[in-house]
1. Can you tell me which residues in the stretch 11-61 are over 13 Å from the mean Cα position of the chain (by Cα) and among the aliphatic types (A, V, I, L, M)?
2. Which residue, of E182, E158, is at pLDDT below 95 and in contact with a Ser or Thr (Cβ under 9 Å, 6 or more places away or on another chain)?
3. Looking at this structure, is I165 at pLDDT 95 or above and farther than 30 Å from R91 by Cα?
4. Whether any residue in the stretch 225-239 is away from the ligand (no atom under 13 Å from the Cβ), among the hydrophobic types (A, V, I, L, M, F, W, C) and surrounded by fewer than 16 Cβ atoms within 10 Å (Cβ to Cβ) is what I want to check.
5. Out of curiosity, is E277 out of contact with any Gly (no Cβ under 7 Å at 6 or more places or on another chain) and either among the small types (G, A, S) or free of Cβ contacts under 8 Å to residues at least 60 places away in the same chain (or both)?
6. In the stretch 178-189, is there at least one residue being more than 15 Å from the ligand (Cβ to nearest atom), within 30 Å of V279 (Cα to Cα) and surrounded by fewer than 20 Cβ atoms within 10 Å (Cβ to Cβ)?
7. Among what's in the stretch 14-28 and is closer than 20 Å to T79 by Cα and in contact with a Gly (Cβ under 6 Å, 6 or more places away or on another chain), pick the residue that is nearest to the ligand (Cβ to nearest atom).
Amino acid sequence: MSKNVLVVGAGVIGLSTGIRLLEDGWDVSIWSSKFSPNTTSDVAAALWYPFLSAPVEKTDAWGSRTYDILKELSHNPDTGIVMTQTYEYFREKQPDPSWRNSVDNFQRLSDNLPSDYVECFSFISSVIEMPMYLEWLSNKYVSLGGNLVHKTISDFVELPEDFEIVINCTGLDAGKLVEDEEVYPIRGQILRIKSNIEEMHLDQQIPTLAYIVPRSNDMILGGVAQQNNWDLDISEEDRDFILEKCSKLIPELKEADIIEELVGLRPGRSSVRLEKEMVSGKPLIHNYGHGGSGVTLSWGCAEDVVELVNDR
Ligand SMILES: Cc1cc2nc3c(=O)[nH]c(=O)nc-3n(C[C@H](O)[C@H](O)[C@H](O)COP(=O)(O)OP(=O)(O)OC[C@H]3O[C@@H](n4cnc5c(N)ncnc54)[C@H](O)[C@@H]3O)c2cc1C
């Protein structure tokens, strides 16, 4: 007998969750107001790195699981995932990151750093080329028998009758859909440029935030992380700020040839909401509020949703 689940949302969280549920034997439909290339997930840089998400004990576990899966998926070029040499620079001495044992080849470097930087973590991270990856996720979901429907829901007060369980993967919109006041936007802006640089270079401290992310035919430069800023327009001021910060790491980027600029609102929350509540006698499972780490946490969270679905 088929067991019907409705996933609401078709960003990286909804698609990953849908795939794991199908693999677990559920009959899954995704309803979504937007699909790739029009979701926030399309704007992600995207690299594996736990950033602007909490609580750390959970994000480390979800992140570690996701790292292993992204590494496995990187063997398939259709996924758009490449395991990439990464350098993260610091202006002050740092303790080890909590995720140190999740990544490959972690080392500390202190020689030949950009000026003003005193320390560097060297490790392998994944670069996830989102337009390709979301297409691959969507194709994988459909090939497993999943159904995609263009549909906008107005709330989760009454759950649709045809489904035994509903999963809320609506990202930033979850704030108004379930009246969750802990959800807030963290505005980001990125530049797509031409470049031949092959390694990833990062400064993940908010005031000096700079990420240089190499992809197959372009490179992403970021970024900004502006809490409670809902503005989706491109800001020239932010563009200049991003170029200035990135050129502190790689001076030649000051003259970068910009192909495109994108803005997105990260779904911020005090902590990721991954839990079950009962609505009119049916389980509603929430999976939203991943901040700047939705891609980084996606598979770990999807697998925890499957656990909650089966624990009825
Ligand atoms: C500039 C920028 C850079 C980033 N870089 C990274 C990075 O390097 N690594 C990383 O891990 N993360 C990164 N992120 C964060 C990442 O993009 C998010 O955490 C992630 O996309 C959240 O995924 P989601 O599926 O929850 O949300 P979304 O992608 O927003 O998807 C939500 C889905 O829900 C649907 N939906 C919403 N409301 C309704 C409704 N009422 N009815 C039906 N459907 C609805 C939407 O249409 C959409 O399909 C970045 C974000 C930005 C903006």
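The values are calculated or read from the model by the stated rules, or taken from the named source; none is laboratory data. Remember, predicted model here, so these are calculated numbers, not experimental data. Because the Cβ atoms are built from the backbone with ideal geometry, glycine has one as well, and the counts that use them run over all protein chains shown.
1. Let us first name the residues in the stretch 11-61 that are over 13 Å from the mean Cα position of the chain (by Cα), namely 17-38, 54-58, 60-61.
Hits for the stretch 11-61 are I19, L21, L22, V28, I30, A54, V56, A61.
2. Just a single option satisfies the conditions, and that option is E158.
3. yes
4. no
5. Against the criterion (out of contact with any Gly (no Cβ under 7 Å at 6 or more places or on another chain) and either among the small types (G, A, S) or free of Cβ contacts under 8 Å to residues at least 60 places away in the same chain (or both)), E277 qualifies.
6. The answer is yes; a qualifying residue exists.
7. The qualifying residue nearest to the ligand (Cβ to nearest atom) is G18.
Let's see how each residue does on (1) of a type in the set (S, T, Y); (2) at pLDDT 95 or above; (3) surrounded by fewer than 19 Cβ atoms within 10 Å (Cβ to Cβ); (4) not in a helix (DSSP H, G or I):
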| site | (1), (2), (3), (4) |
| --- | --- |
| W62 | no, yes, no, no |
| D78 | no, yes, yes, no |
| S98 | yes, yes, yes, yes |
| N101 | no, yes, yes, no |
